[in-house]
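The values are calculated or read from the model by the stated rules, or taken from the named source; none is laboratory data. Everything numeric in this text was worked out from a predicted model, so none of it was measured. With ideal geometry, Cβ positions are generated from the backbone for all residues, glycine too; neighbour counts draw on all protein chains shown. Please note that ligands, DNA and RNA were not included when accessible areas were found on the heavy atoms of the full protein model with its side chains. Shrake-Rupley method; radii C 1.70, N 1.55, O 1.52, S 1.80 Å.
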Amino acid sequence: MSTAVATASPTRAVNPRHAGWAGVALGFVAWFIALPPALVRTPVPSILIGLMAMTAGGWAIYGGEKRLGWGAVAAGLIGGAGAVASTQSGTDHLEDVVTWSALIAATLRYATPLTFGALAGIVSERSGVVNVGIEGMMLMGAFFGIFGADLFDSWFLGLLVAMAAGGVLALVHAYFSIHLRADQIVSGMSLNFLALGITGYIFLDHYGDQGTPDNISRVPDVSIPGVKNLSFFGDAIGKTNLLIWLSLIGVVALAVFLFRTPRGLRLRSVGEHPRAAETVGISVIRTRYIAVVTSGMLAALGGAYLSIGFVGSFNQGMTAGRGFIALAAVIFGNWRPGGALAAALLFGFSTALAQRLPAFSPSAAVLFQALPYVLTLIAVAGIIGRSRPPAAVGQPYVKE
């Protein structure tokens, strides 16, 4: 009996995965207590908590959870170092930068177009079609959303026009990728350039140098009764754009559809093993067409949020690579809506933080703008080793 106890793995006492996540959480706490509203002005507690995080990460590595364990070690180092830097900074600067309600509200604003784009990528790639054209579909949605809202004097009709434009561009991608069996990445990249040309030409032809009008109908903000009067949540989410809520609802709806409904199972089966799906009566071609067109409509909603939900105007190329960041969110989230939302929120939070960091050093403002992309690169590089795409993604299907 004693021999069995002695030879038992020590990692059974504490689950290595739980230890790894605990280390990540402790790293966050180490930095958090040095920020408003806690504002602990000595780095000693944060350093101790950071060491605990690194210890938990070491335990996770020893137990076999190497990736998560190293993440906990990094969280402990970053949390401790950030806390030391925070204690050396003036409280006025910290309070200017770290206003949590404002950061959360800004995070949601910056994450929303990425969330729609990531949902678009998940729908398309779960069916087996790579959609690198999300950037172009978002750009079509951004322009035709504001164009439709201006033409019909209705933000709702503007959204419908945007979705139609994104769906048409996606239909072109579906035709080349599914029917003609062209290279899906080449097709998607070509559509990005096509969208850039179409939107730029119509924008200059219709609006010229004047730009879009200032009085275009915009997607309204939604006030939640009871929440808007709360001291913290009221400032953060008490009055939020309708499309932000639709993006969050879309994450839940797509997760339920993919993993809790028969149609979702059929969609996933087409992306995993199309030949087997065809043998049980599922039309692979029709399913992929529907998925790609739906993908284009979702991406267009993300673009429309930029033009008639957030900015209230249109500029050429205003999506600025968000479609590619959305693809990174798909990989980060392992082709699952919840994980993709987490990646979008990470990028949104880092963008919101980068907008406020120049309070510390105005001369480094341009450098701070790179923070969201650096964090996204680190996150994707750290998680891509465990990501497994649908087995048949990118493979043209030939019906027998």
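Take the residues of the range 140-182 that are surrounded by fewer than 24 Cβ atoms within 10 Å (Cβ to Cβ) and not hydrophobic (A, V, I, L, M, F, W, C): which is nearest to V292 (Cα to Cα)? Among those that are surrounded by fewer than 24 Cβ atoms within 10 Å (Cβ to Cβ) and not hydrophobic (A, V, I, L, M, F, W, C), it is G167. Taking the listed residues A102, A81, A85, the one that is over 29 Å from G338 (Cβ atoms), at pLDDT below 85 and open to solvent by 30 Å² or more (accessible area, probe 1.4 Å) is A85, with no other qualifying.
Summed over the range 326-357, residues that are open to solvent by 30 Å² or more (accessible area, probe 1.4 Å), part of a loop (DSSP other than H, G, I, E, B) and on the phi < 0 side of the Ramachandran plot total 1. Contact annotation: residue pairs with Cβ atoms under 6 Å, 6 or more positions apart or on different chains, pairing a residue in the range 141-154 that is more than 21 Å from L191 (Cα to Cα) with a partner that is outside any helix (DSSP H, G or I), are A149/I216; A149/S217; D150/I216; D153/S217; S154/S217. Residue count for the range 207-229, restricted to those that are surrounded by 13 or more Cβ atoms within 10 Å (Cβ to Cβ), out of contact with any helix residue (DSSP H, G or I) (no Cβ under 6 Å at 6 or more places or on another chain) and within 17 Å of M318 (Cβ to Cβ): 1. Scanning the range 239-272 for residues that are crowded, with 19+ Cβ neighbours inside 10 Å and either free of Cβ contacts under 8 Å to residues at least 40 places away in the same chain or among the charged types (D, E, K, R) (or both) yields a total of 1.
In the range 139-152, the count of residues that are within 25 Å of I285 (Cβ to Cβ) and assigned to a helix (DSSP H, G or I) is one or more.
Taking the condition open to solvent by less than 30 Å² (accessible area, probe 1.4 Å) and assigned to a helix (DSSP H, G or I), does G323 pass? In short, yes. Filter the range 278-306 down to residues that are small (G, A, S) and closer than 17 Å to P389 by Cβ, then give me how many there are. Count: 2.
Selection within the range 127-136: residues that are of a type in the set (A, V, I, L, M, F, W, C) and more than 16 Å from the chain's Cα centre (by Cα). The member of this set that is least open to solvent (accessible area, probe 1.4 Å) is V129.
F310 meets the stated requirement of being of a type in the set (A, V, I, L, M, F, W, C), touching a strand residue (DSSP E or B) at 6+ places or on another chain (Cβ under 9 Å) and over 30 Å from T91 (Cβ atoms). Scan the range 273-296 for residues that are in contact (Cβ under 8 Å) with a residue 24 or more places away in the chain and either in contact with a Ser or Thr (Cβ under 7 Å, 6 or more places away or on another chain) or open to solvent by less than 70 Å² (accessible area, probe 1.4 Å) (or both) and the total you get is 13. Residues in the range 209-243 that are of a type in the set (D, E, K, R) and more than 19 Å from Y110 (Cα to Cα) were compared, and the one that is modelled with the highest pLDDT is D214.
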